[in-house]
Structures are given as structure tokens and as C-alpha cells.
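Following: one structure in C-alpha cells, then a few remarks.
The values are calculated or read from the model by the stated rules, or taken from the named source; none is laboratory data. Since this is a predicted model, take the numbers as computed values, not measurements. No Cβ is skipped: glycine too gets one built from the backbone with ideal geometry, and neighbour counts run over all protein chains shown.
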Amino acid sequence: MAEEIRRFGKGRHAAVVSTITGDDNLQFFRELSRQGVGAAQIPVMSLSIGEAELPALMRSNMAGHFVAWNYLHAFDRKENRDFIAGWRRFTGQPRAVTNDPMEATWIGFHLWTEAVEAAGSTDTDKGARRARRPPDRRPERLHGEDGHPHPSPVKPVMIGRIGKDGSIATVSVTEGLVPPEPFSPWLTPGRAAA
């Protein structure tokens, strides 16, 4: 695969958008590095790597590659700084790194807690109805069709660049929220993907 990527990159101005997930990232970036294909030659935009995954990947010359995510630990915003500080207090680890699943779980847990309190019941249907109408002070809103939360203000679409030290610097952030697209526009409604 690295040889194919190298041939693709000879056309100049080439980049790779990677949807590889999990441990397969190790093999992919290790082979690119072994073949001498770094970000200077062909940058990779990964859609599945955040700060938590980088320590395992840093032997593969990750510096200069990009990530696209809806949460980055490095995002410098008050809500995110408060979330990180709270997580570090909870874990007792002053250097703990947060990631997307942690932040999404925190949002979901607090949204459900507020819905149960507002409904006065742990009944799933009552809680779900209340969750669709959370208090105005909450940034999250649930999507009308499927009940998925819209991203909160700390979850816009972000692009980050990996540094030599394994950190991710935010280089681009959308203005405002990007509403979810819960169903593929390429599928007929009600029909599952094959």
C-alpha cells in the first residue's frame, strides 16, 4: 500500500484521507514511515486518531500529519478547560489526557441526569421526552428524528496537526455547531446499508 501511496503522491499536491481505525493505524503509519513517506511528502488526514492514540503511534514519524475530529484535548476554550480540570480532579492524575469518548459520555450522562430530574422519573419514555427538551442553559440538543445529541459548543468539527512531541495543535475549527446527519443521504430511508 505504501508504494501505491508513493506513486499517487508523485502527482504533487497529494494527500491521503484515512478512515483506518484501531490497531490498523499502527501498521499503516509504521509502513509509511518505513518506506520514507512522511507528512512532508504526502500528509495523511486521519479521521480516527486523537491524543489518546498518539503515544502508540509516535515511533512512526507522525509529526506533520493531520487529524479531523469533533473533540481535541488541545482545544483552548473555557468549557474544555473546565472539563479537563474536572476529569483530572476525578482521576487524581494532573496530566490525564481527555478524548472524544470521555467527553461524549460526560455529555450523555449529564443530559440524561437532567432529563430524569426534570421528568421526576427514571422511566425511559418519560426521560427521553424530557431529554428532547433539555433546559435552555444546556448547550446540547437532541436530534428530532433519532434522539442523538447535537454536538455541544466544545465539539465543533476540528482539524489538528500532530507535533513532534505527540501533541495535536488545533489548526481549524468550524464556527458554531455542525448539526448531525443521522441518516446517509445515499440510502433510501428505512433501508439498511448492505
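A compact table of results
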quantity: Residue match in region 33-48 (condition: at pLDDT below 90, in contact with a Leu (Cβ under 9 Å, 6 or more places away or on another chain) and charged (D, E, K, R)); calculated: no
quantity: Unique match (being touching a Gly at 6+ places or on another chain (Cβ under 9 Å) and among the acidic types (D, E)) among D24, D100; calculated: D100
quantity: Subset of region 62-73 [within 16 Å of A15 (Cβ to Cβ) and either crowded, with 20+ Cβ neighbours inside 10 Å or charged (D, E, K, R) (or both)]; calculated: M62, H65, F66, V67
quantity: Meets criteria (surrounded by 16 or more Cβ atoms within 10 Å (Cβ to Cβ), out of contact with any Gly (no Cβ under 7 Å at 6 or more places or on another chain) and assigned by TED's automatic domain parsing to the domain that holds R7) for E51; calculated: yes
quantity: Residues of region 149-179 satisfying the condition of being at pLDDT below 65 and exposed (fewer than 14 other Cβ atoms within 10 Å of the Cβ); calculated: P153
quantity: Tabulated pairs, region 87-102, first polar (S, T, N, Q), second surrounded by 14 or more Cβ atoms within 10 Å (Cβ to Cβ), C-beta under 6 angstrom, 6+ apart or interchain; calculated: T98/H73; T98/I84; T98/W87; N99/G50; N99/A52
quantity: Answer residue from region 1-30, given it is more than 16 Å from S46 (Cα to Cα) and among the small types (G, A, S) and is surrounded by the most Cβ atoms within 10 Å (Cβ to Cβ) among those; calculated: G9
quantity: Any hit, region 2-11, residues being within 20 Å of T170 (Cα to Cα) and of a type in the set (V, I, T); calculated: no
quantity: Out of V44, V37, sole residue that is buried (at least 20 other Cβ atoms within 10 Å of the Cβ), touching a residue at least 12 places away in the same chain (Cβ under 8 Å) and touching a Lys or Arg at 6+ places or on another chain (Cβ under 7 Å); calculated: V37
quantity: Qualifying residue in region 110-118 (condition: surrounded by fewer than 16 Cβ atoms within 10 Å (Cβ to Cβ), in contact with a Ser or Thr (Cβ under 9 Å, 6 or more places away or on another chain), within 30 Å of V171 (Cβ to Cβ) and of a type outside the set (A, V, I, L, M)); calculated: no
quantity: Long-range neighbours under 8 Å by Cβ, at least six apart or interchain, first residue assigned by TED's automatic domain parsing to the domain that holds A63 within region 21-33, second of a type in the set (S, T, N, Q) and part of a helix (DSSP H, G or I); calculated: L26/S60; F29/S60; R30/S60; L32/S60; S33/S60
